[in-house]
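The values are calculated or read from the model by the stated rules, or taken from the named source; none is laboratory data. Computed from a prediction, not measured in an experiment: that's the story for all the values here. Here the Cβ positions follow ideal geometry from the backbone for every residue, glycine too, while neighbour counts run over all protein chains shown.
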Amino acid sequence: MEKPSRVKAVASFLFKLLRVLIVLGIAFALAFWLYASRSTPEKKELVRIPPSVRIFEAHSQPEMMTVEAFGTVSPRRLVKIAVEVPGRIVYMNPSFLEGGMIENRDLLVQIDPQSYGLGKEAAAIRVTQARVDLDSLNQEIENLKKDMELAATNVKLTQKEFARMTALSQNQFASKTSLERSEQQHLAARIQLQTIQNRLSLIPAMVEQKKAALAMADVEFDKAVLALDRTRILSGFDGFVMDKQAQVGEYVNPGQILGSVYAKDELDVEVRIPLEQMRWIQTFFENGRLPSARIRIANFEGPEKRVWEATVARIKARIDERTRTLPMTLEIQTGSNNGTNTVPAVFDLKPGIFVGCTIIGETYENIFVLPRHLLKPGNVLYLVTASHLEMRQVVVLRKFEEQVYINGGLTNGDKIIVSPVPGAIEGMELTIKENGLQMGKKP
């Protein structure tokens with residue numbers, strides 16, 4: 001039983017092997033036929049074409065350096081309207097409201113003047129009384145001087161009478177009673193003279209007292225006049241009302257704020273300049289000059305766009321500790337905008353508006369201005385020189401926004417590559433695209 005099964009297994013193995021050999025034979029024959037019937041490929045020569053690029057010719061030009069900054073407009077002269085005397089508001093200018101326009105010397109607010117008018121009249125009466133008192137004293141001085149002359153004459157007469165009576169008494173021609181009477185008359189005359197002299201000696205002090213009283217009355221009158229004047233609050237300039245905090249009929253106290261106004265055409269803007277940007281305007285200050293500037297409303301585009309002239313008025317005394325920038329103030333010349341007269345007032349500069357500022361710096365000669373993306377790492381530019389790529393290092397004066405300012409390493413007429421150069425290698429051959437040369441233009 002074992003032998004027939006072994007024979008059967010061998011036969012099965014041989015059958016499978018035969019099938020494999022038949023398949024391999026057919027595959028070999030087919031491969032040989034394909035190889036034998038193949039066509040010979042045509043040989044072509046490889047032609048190397050240099051990359052083509054677009055270029056433009058570099059030309060230098062004078063370039064004015066500018067410093068860009070942003071800031072908020074603020075009034076140069078902002079006045080808070082405050083009360084100086086207490087009272088009730090009886091009048092308020094119709095234009096004294098937020099956004100209202102006022103003119104110089106306009107009456108803004110009137111405090112009830114009645115009590116202050118009465119105070120002025122009372123002070124005037126006190127001045128008149130003090131002057132009358134002083135005039136009366138002066139008249140009294142004149143009267144005392146005349147009385148003193150009469151008293152002195154009377155003293156002389158009584159003295160002579162007393163001397164005469166003394167002589168008569170010695171010769172027993174006059175009684176003792178007559179002598180005593182004449183002596184008493186003489187003493188009374190002297191006492192009267194002394195009294196007048198004493199009163200005259202007090203007159204200078206009394207005059208000074210009356211003069212002081214008159215001066216005090218004059219001061220009180222001036223104070224009353226001033227208080228009456230302070231019931232009227234006048235505008236000190238042409239301007240606009242920023243805010244209003246009171247109404248007619250309110251009772252106000254000294255120091256109370258009624259509102260604030262700012263002067264027309266007197267606006268400033270404070271900007272902060274990074275220290276590295278100061279180099280472009282520093283020479284102005286060193287030479288005693290002030291840089292000019294241009295102001296525009298930030299983030300605003302349209303036909304109504306306007307620009308105002310300005311001047312750097314002053315530089316603050318300290319660096320901003322938070323931003324490490326130098327604050328400076330620009331004075332805006334609000335009447336210098338270059339817009340048309342038909343621009344509505346809503347586009348006028350007002351306090352609080354956000355503006356962009358361009359500060360005009362020095363002008364540099366022979367500057368090449370290129371798009372910033374053309375500058376490769378290491379301040380290298382790609383140029384075409386004698387149909388080959390040249391990687392030239394240049395001197396960069398400034399990188400500003402999307403431009404780069406070059407002041408060294410280039411000459412007029414250099415052909416600068418503006419298109420990408422994949423796999424750039426120094427000295428590689430290049431061709432210039434048709435219409436790829438732009439004469440004297442920035443790409």
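Could you tell me whether Thr411 is more than 30 Å from the chain's Cα centre (by Cα) and either crowded, with 17+ Cβ neighbours inside 10 Å or hydroxyl-bearing (Ser, Thr, Tyr) (or both)?
Taking the combined requirement at face value, the residue satisfies it.
Identify, from the list Ala123, Ala212, Ala189, the residue that is over 30 Å from Arg232 (Cα atoms) and either surrounded by fewer than 13 Cβ atoms within 10 Å (Cβ to Cβ) or at pLDDT 90 or above (or both).
Matching residue, one of Ala123, Ala212, Ala189: Ala212.
If Thr283 satisfies every condition in (1) loosely packed, with under 13 Cβ neighbours inside 10 Å; (2) free of Cβ contacts under 8 Å to residues at least 40 places away in the same chain but one, which is the exception?
(2)
With the requirement that a residue be under 23 Å from Gln277 (Cα atoms) and either among the basic types (Lys, Arg) or in a loop (DSSP other than H, G, I, E, B) (or both), what does the range 399-409 give you? Walk me through how you get there before you give the answer.
Step one: of the range 399-409, the residues under 23 Å from Gln277 (Cα atoms) are 399-408.
Once the filter is applied, which keeps residues that are under 23 Å from Gln277 (Cα atoms) and either among the basic types (Lys, Arg) or in a loop (DSSP other than H, G, I, E, B) (or both), the range 399-409 yields Lys399, Glu401, Glu402.
Looking at Pro113, Pro75, Pro86, can you tell me which residue is under 30 Å from Leu275 (Cβ atoms) and touching a residue at least 24 places away in the same chain (Cβ under 8 Å)?
Answer to the check: Pro75.
Applying the selection to the range 353-398, what residues are under 20 Å from His59 (Cβ atoms), assigned to a strand (DSSP E or B) and in contact with a Phe, Trp or Tyr (Cβ under 9 Å, 6 or more places away or on another chain)?
Within the range 353-398, Tyr364, Ile367, Phe368, Val369, Leu370, Glu390, Arg392, Val396, Leu397, Arg398 qualify.
Considering only the range 229-254, how many residues are within 31 Å of the chain's Cα centre (by Cα) and free of Cβ contacts under 8 Å to residues at least 60 places away in the same chain?
1
If you check Ala217 against the conditions, is it under 30 Å from Gly87 (Cβ atoms) and more than 46 Å from the chain's Cα centre (by Cα)?
Judged against the criteria, Ala217 is a match.
If Gln197 satisfies all but one of (1) assigned by TED's automatic domain parsing to the domain that holds Leu134; (2) within 59 Å of the chain's Cα centre (by Cα); (3) polar (S, T, N, Q), what's the number of the condition it fails?
So the condition that Gln197 fails would be (2).
What residue, among those in the range 334-352 that are loosely packed, with under 15 Cβ neighbours inside 10 Å and not in a loop (DSSP other than H, G, I, E, B), is modelled with the highest pLDDT?
Among residues in the range 334-352 that are loosely packed, with under 15 Cβ neighbours inside 10 Å and not in a loop (DSSP other than H, G, I, E, B), the one modelled with the highest pLDDT is Gly335.
Could you please find all residues in the range 361-408 being touching a helix residue (DSSP H, G or I) at 6+ places or on another chain (Cβ under 6 Å), crowded, with 17+ Cβ neighbours inside 10 Å and touching a residue at least 60 places away in the same chain (Cβ under 8 Å)?
Matches in the range 361-408: Gly361 only.
Thr72 passes all but one of (1) outside the structural domain of Gly239 (by TED's automatic domain parsing); (2) assigned to a strand (DSSP E or B); (3) surrounded by 18 or more Cβ atoms within 10 Å (Cβ to Cβ); which number fails?
All conditions pass for Thr72, except number (3).
How do the pairs read when you match residues in the range 313-334 that are on the phi < 0 side of the Ramachandran plot and of a type in the set (Gly, Ala, Ser) with residues anywhere that are assigned to a strand (DSSP E or B) and surrounded by 14 or more Cβ atoms within 10 Å (Cβ to Cβ), using Cβ under 9 Å and keeping only pairs 6 or more apart or on different chains?
Qualifying pairs under 9 Å: Ala313/Asp268; Ala313/Met328; Ala313/Thr329; Ala313/Leu330; Ala313/Glu331.
Scan the range 15-34 and tell me whether some residue there is among the small types (Gly, Ala, Ser), under 30 Å from Thr431 (Cβ atoms) and at pLDDT 75 or above. Even if it seems obvious, please write down each step before you answer.
Of the residues in the range 15-34, the ones among the small types (Gly, Ala, Ser) are 25, 27, 29, 31.
Adding the requirement that they be under 30 Å from Thr431 (Cβ atoms) leaves none.
Looking for residues that are among the small types (Gly, Ala, Ser), under 30 Å from Thr431 (Cβ atoms) and at pLDDT 75 or above, one finds none in the range 15-34, hence no.
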